[in-house]
Each structure stands twice: as C-alpha cells, then as structure tokens.
Amino acid sequence: MKNNAVIKILFIENSVEDAEQIISLIRNAGIAVRPARATDSEQLKKSLDELGPDLVLFNPGVGSLPLREVAQAIDASGRDMALIANVAQMDAQSVSDLFAAGVHGVASHGQPRQFITVVQREFDSLNTRRQVRKLESALRESERRCDALLDSSNDAIAYVHEGMHVRANRSYLDTFGYEDFDELLGLPILDLINHEYADALKTLLKNHSRDEKAPPNTDLIARRADGSTFPATIEFAHATFEGETCLQVVFRRQLIDPAMVEQLQRDPVTGLYLRARTLEFIDEAVAAAASGRKGQTLLLIEPDNWNATVAGIGLGKADELLAGVAARINALLGPDDVAGLLAEHTFGVLLHSSSDDAIKAWITSLQQQIAERIFDAGQRSITLTVSIGGSLLAEKNANAELLLNQASTALRNAQGQGGNRSDLHDPTAREKADEERERNWLTQLRQALVQDEFVLHHQHVISLQDADGDYSEILLRMNGPQGEVQPGFFMPIAEKHGLSAEIDRWVLDKAISALQARDTQGVATTFFVKLTTDSLQRPELLPWLAKRLQQAALKRGRIVLEMTESKVVTLLRPAQEFVAGWKKLGGRFALEQFGSGLNSFQLLSHVEADYLKIDRSYMSGLPQQAENQQKIAEICQQAHELKKQVIAEWVEDAASTSLLFACGVDFVQGNFLQEPQLLTIKP
C-alpha cells in the first residue's frame, strides 16, 4: 500500500472513543485515514453516499445496526468496498459466521499487528480490483484501436489460432500475394515458409502457445502464393481475437543488416546497450518472471561521489571514467547477462543466476575490481568506488516499474550507508536487511549528535491576514554520505532507540539561538518546531526550556511547539500537562493534521492549542474538491469562534491559495509558495 494513500473508513461503532482508538492504531502504523461513523440505518446510508468509503469496519456489538443490513446497504450502493468485522476476540465458529454473513475479513483490535495486516490487505485487494477494472477497460479500448489500425498498417500482420490464420490485414495479403482473406482463412502458417524452417517454426508456435520460454522473433525464408521466396523476420506476440487467445504474427522483410541494428542499440562510449534497449530487456525479463521463470536479478550501479569526481577531472573526461567502469562490468557478464545505461551514470545489469550467493559474489567481485583499479582521466589518475542496489525478480514483483523502484530504493540505501556498499532487495531476507540498515542508521544518528551533523531548514508560513512579523516552520535534516537525509528515514529509528528527545533538544537549542540572533537584528520571528512523543513524556524538558529561554531573553510566544492530532489523542494526559506547563513559560502550541479525526474540536477541550494545521489530505486537488473546500471553511469558522488560527500546509497552486483565503484560512505553507531554505544562525 502506498504510504501517502488516504483510506476512507466508515466505522460502525457504539462510541466515538472506541473509533478514535482504532483510528490512532491505524495512524500509528503510518496509514492516513479519512473517517466517518454510523450507528443506525440513516447514518449508514448518508455516510455511504457522502464519504464513499474504501473500508467499512463493523463492530458486531452494535445492536442497532445488524451485519446483514450493513452488507445489503453496501451492495445497494453499487460501490466496491471491503467490509471488515472488528472483533475483540476470534474463534472458529464466530469467524465462520461472519464470513457467511458477507464480511471480507475479520480483524481483532486486541491484536494490533493482525488488525493492521487485515486492513492493509483488504485495502490493497480493493485497489487491485479497481486497477483490474481500469486495465480491462483500457484493454478493450486498446483492442478496438488496434483493430482499427491493423488494416492501415504497412506491416504484414496476422492472427493465428492453433497454427491457422484467423485474421490478416491488407499488407499481409499483398506481401504473400493473396487477393482476399478467404484464400488464407484456415490456411496453416507453416504453408507460408520454406520446408527447412517448418520444424523450428512448429516448435516456436508450441512454446508460445504454452507460455514456455521462446524467442520473440526468428529469421527464416518466407514463401509467397506464386512460389517465390524472400528472407524475413517473424515476430510473435500474445493477443486475443474475438475473445479467443491467439498469437499475433508480424512478417518483416530483412532489409537492414542485423549487425547494424545491434550497433545502433549500443552506446558508442561504453559499448553497453542504450536506455531504450535496456528497458526492453527488463520488460522481457519481467514477462519471463510472470510466466514462472526464476533466477533473474536487476542491479543498478552508480559511481560514488560522481558529481565531485567530475568537477575535479572536468566534464570532458567523464566519458573515459564511464567507459572504464563499463569495461569492468562487461568483463564479468555471463553469456545470458545483459548490461546497459539507464541514466547519465547509472548502469543497469540483468543477471541470470539461480544462486543468491553467486549474485552476491558477482557484486563483491565488481566492487573489488573497480576499487583496486586506477582509472586514467586525461593527465590524472584516480580511484573509484561504486554503490550497487538491486532486486531479485520473481512472479510476485513481475512489474517493470515496481522492479526499477525496488532496485532504485536499494541503491539509495547502499549510498546512504557511505558508498562502496551494496543492497539487494530480497523479500525472504527483508528482516535481516532491515536490521542491518537500522544498525547503520543508528550509528550515523549517534555520530550526528556527537559531531553536530544535523542541519536545519526553514519554510515560510505566509499570513493571508496581514499578521505582523515573520513566521517559519523549522525542518530537520541530517548530513549523510550522499547529501542531506530527510527525517522520514532516520526519525523512526531515533524514536525506536530513545534518541528522539535528544534530537528535539538539539533542534530547540539551535532554533532559540537563531531567534536570539534575529532579535538582535530587529527581525520579529516566530518558529514552529515539531515535538516527538518521547519529549512530551520527559519531565526534564520544560525546566531546560525555561532556563534556555531565560538565557536567550526572547519575547513570549516566539516558539510554537507542534504535534500531530493523532499522537496527542494517544497521549492525552501527558500532552495536557505538558502544554499547560509550556504555556506558563510563554510558549504556544499547534496541532498538526487537524480535522483527520472523528471529532477533532472535542480535543481542544482537553489541550489548549493556538494554531490548527489542517490535515494535508484536504489539500490534494483542492480546486476540484468542493467537499474539501466546504470542510475547510467549517474548520475555519469553528476555529475562529474559539479564537484559534488556522494554517493550511502542502498548498499546491495559486488557485488553492485563493480558495483557502475565501475559506478563512489565516496562514498558508507549501513548496509552491516557497521551497525550504537553509537556516543560518548569525551572531
């Protein structure tokens, strides 16, 4: 499931509190939720119409709304959605009864991991069904267009079923000297080639019909109706004709030297295949994996610190380095392996090996050979290292885009560990690999705290109501071997190992120093600073803040601490006590992702927030989402009645900004308005 996907969930629950606990559980798993709740038939129908949920979480304990009625209402809505029973405990009989009544899954909120797994599985299954329907529709449209283009094509194309012609275009008839298709109907394709190629073609047709390994094209001698012959290349592709599976056959006359075609497909500098041909090889490998073939691996290879290296030797010498690396790669390729260029300095390699150890040995050998070699670049001699990321290819990930993304992620992981490293995506070894990456990140985090390797950026929060002074949100980054690293990579590990509070204190200390410097320059500035749940529960943080603010002599209200609504809900009492103490020090508080709960404003009766930052799910495609515009306007109206100010994050375009102003939003923020900038602390 995509991390940024928002699941619309309709809760059939007795109480708001029970629903909120489940929402918090789901959000803590990193899943964004747009919730609604119903307890009777009228609310159910209204929620199905207005929310259009993806999932319906039904609590069998809701006596006012029986499961059968819920299932019938879902069927009557005509929408595809997953019905999940939310139970406290499971036994075989109750689970069987629930499935018989129409649920798609049974989840136990008493077992959080099982609960999240069922929710993710059903949402992924729902998206798969939706995608299949789109693909089926696209396929029908493509077939219609292909049929329309078939007759206008200059290529000789025919459809063959069980070796017999069932369809052919005009060019095919002209190529073989037939006046009308009736002359070809039912004629075996073997009758159109010389007899010495008959056995080979018969084997090819059988292999293609059985989805067995077979080349997509072959060279032969074709025979016309008058007995004359010509050299041709025949290409095969799976197709359907009138609902029946068949083979699409294309005859091409051999007018171009195959050696010339091969040469044109290769990069003149490295001798490796060009991007387009490399992607074709990847598509072919994916198709083979989808048919059950095993032992294929895609590797992405990049020289480390490439930009700095090129800056040192000059752009004109970069090709010599690439050629040197390509030569090392080419020397290690097996007879079935393929290597090509996928980007300026990114090599793609398809290995065909049934052994994981052989793949790892190949990677180690390449890295050693490159690291030990001295490369000549003009008058200079330099050494290089490479990082390698890859993914094993199997039926489960037989999708070209998915495969490339997995290999790319593995490459970035390898580079993030310092270069001259490798990372191989392998579902069977995922836990072990994750542990190793976590250990590396933990080492880098501890080093960053000791050596001051964190970096702060700030992004302006722009007032739509002419508020005085400057407002900015502080954004944390970390210096990594390959550049700055986003907090999404390292903060979960920091929280897991108890380092988040220490990082928070580092950020607050630097932010206070920056505010102190701006005060001396006469620039009135307010900073929004994120706070983790670990800091919220540390009793020593408030005394430290009091002392640090006193030393800096800052005016009250210059720092706004912010936390997400879902995290505050799960730690309501500690949050209440912390915010109360923080306000005594003159600080202010903001709730992020506001409006994502069932009753967000109820939270304000427990935790006093000055700013409400609207959940980002309302910002996506805002000009086209009238429902979201109405919701934002309602949030602003209620917030202003309570003397709270509203901030809209992730603003994407000028039209959204105008709409937000009309809705009553006080501040806006987003990369469209201003990209984050490095925070400089001038004495």
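Tabulated data
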| read-out | value |
| --- | --- |
| Segment 446-595 - Kirkwood radius from inverse mean 1/r over Cα pairs (Å) | 16.2 Å |
| Gained length - R446 relative to L185, 0.36 nm times residue gap less alpha-carbon distance | 86.5 nm |
| Sequence-distant residues sharing a close amide H with G480 (under 5 Å, placed H) | V485 |
| Inter-label distance for D40 and S77, nm, one decimal - labels placed 7 Å from Cα along Cα-to-Cβ | 2.0 nm |
| Per residue solvent-accessible surface (Å²) - the chain, probe of 1.4 Å | 50 Å² |
| Solvent exposure ordering (accessible area, 1.4 Å, most first) of S656, S153 | S153, S656 |
| Of all DSSP beta bridges in the chain, antiparallel share, percent nearest 5 | 60 percent |
| For segment 521-530, 3J(HN,Hα) per residue [Karplus equation, 6.51 cos²θ - 1.76 cosθ + 1.60, θ = phi - 60°, Hz, x = Gly/Pro] | 8, x, 9, 6, 10, 10, 10, 9, 10, 6 |
| Relative pair counts by distance (%), Cα atoms of segment 621-666, 5 Å bins | 5, 24, 35, 23, 10, 3 |
| 16 Å cut-off, amide nitrogen to a point 7 angstrom out along F489 Cα→Cβ, residues in segment 405-423 | 406-423 |
| Dipole-positive endmost among P53, W441, L332 within the chain (Cβ charges, Cα centre) | W441 |
| Principal-axis tilt of helix 400-416 within the chain, Cα atoms, nearest 10 degrees | 50 degrees |
| Ordering of 217-223, 33-39, 198-204 by packing [mean C-beta count within 10 Å, highest first] | 33-39, 217-223, 198-204 |
| Accessible area, probe 1.4 Å, largest first, for residues V56, V569 | V569, V56 |
| Nitroxide proxy distance, nm - points 7 Å out along Cα→Cβ at Q369 and Q677 | 5.0 nm |
| Selected from A76, G105, L25, residue furthest toward positive end of dipole (segment 1-110; charges at beta carbon) | L25 |
| When each of K510/K567; K584/K643; K613/K643; K294/K396 is checked by Cα-Cα distance, pairs over 22 Å | K510/K567 |
| Nearest-0.05 FRET efficiency for R121 and R68, computed from C-beta distance (R0 25 Å) | 0.55 |
| Cα-based helix-to-principal-axis angle, 198-209 vs the chain, degrees rounded to 10 | 20 degrees |
| FRET E, pair A400, E235, Förster distance 22 Å, beta-carbon r, rounded to 0.05 | 0.65 |
| Along each principal axis, Cα extent of segment 321-399, largest first, Å | 49, 25, 22 |
| Of the trypsin sites (Lys or Arg not before Pro) in segment 542-609, those whose Cβ has at most 13 other Cβ within 10 Å and which sit in DSSP loop | K555, R556 |
| Normalised convex hull volume, segment 415-532, alpha-carbon set, Å³ per residue | 130 Å³ |
| Length-normalised contact order of the chain in % [C-alpha pairs under 8 Å, at least 6 apart] | 8 percent |
| Alpha-carbon Debye profile of segment 55-101, log10 I(q)/I(0) at 0.24 Å⁻¹ | -0.94 |
| Leading residue at positive end of dipole, segment 461-538 (Cβ point charges), from V529, L476, L515 | L476 |
| Cβ-derived FRET efficiency at R0 41 Å, L149 paired with E652, nearest 0.05 | 0.60 |
| Rg/Rh ratio calculated on Cα atoms of segment 1-84 (Kirkwood radius) | 0.95 |
| Built amide H within the under 5 Å cut-off of H425, gap 5+ | G390, S391, L392 |
| Length gained when the stretch Q576-S291 is fully extended (0.36 nm per residue, less Cα-Cα span) | 96.8 nm |
| Per-residue SASA entry for F99, accessible area with 1.4 Å probe, Å² rounded to 10 | 100 Å² |
| Under 24 Å from K45, Cα to Cα: lysines that are on another chain or at least 8 residues apart | K8, K631 |
| Share of carbon and sulfur in the accessible heavy-atom surface of segment 355-394 [1.4 Å probe, %] | 45 percent |
| Segment 157-207 - Rg over Rh from alpha carbon coordinates, Kirkwood radius | 0.97 |
| Carbon/sulfur fraction of accessible area - segment 445-579, other protein chains in place, 1.4 Å, % | 48 percent |
| Convex hull volume per residue in cubic angstrom - Cα atoms of segment 558-634 | 92 Å³ |
| Extension gain from D468 to R130, taking 0.36 nm per residue of separation minus the Cα-Cα distance | 116.8 nm |
| Paramagnetic reach from Q638 in segment 647-683 [backbone N under 16 Å; point 7 Å along Cα→Cβ] | 647, 664-665 |
| Nearest-ten-degree value, helix 430-451 long axis tilted from longest Cα axis of the chain | 50 degrees |
| Under 16 Å from the Cα of K202 - lysines, other chains or at least 8 residues apart | K213 |
| Cubic angstrom per residue, convex hull over Cα atoms of segment 359-425 | 93 Å³ |
| Neighbour cut-off at most 16 other Cβ (10 Å), DSSP loop, chymotrypsin sites (Phe, Trp or Tyr not before Pro), segment 611-683 | F672 |
| Using distinct alpha-carbon pairs, which all enter the 1/r mean, Kirkwood radius of segment 528-683 in Å | 16.7 Å |
| Computed magnitude of the charge dipole of the chain (debye, nearest 20; Cβ of K, R +1, Cβ of D, E -1) | 2320 debye |
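The values are calculated or read from the model by the stated rules, or taken from the named source; none is laboratory data. What you see is a predicted model, and the numbers here were worked out from it, not measured in a lab. Note that we place each Cβ from the backbone using ideal geometry, even for glycine, and neighbour counts take in every protein chain shown. To get the accessible areas, we keep the full protein, side chains included, count just its heavy atoms, and leave off ligands, DNA and RNA. Shrake-Rupley method; radii C 1.70, N 1.55, O 1.52, S 1.80 Å.
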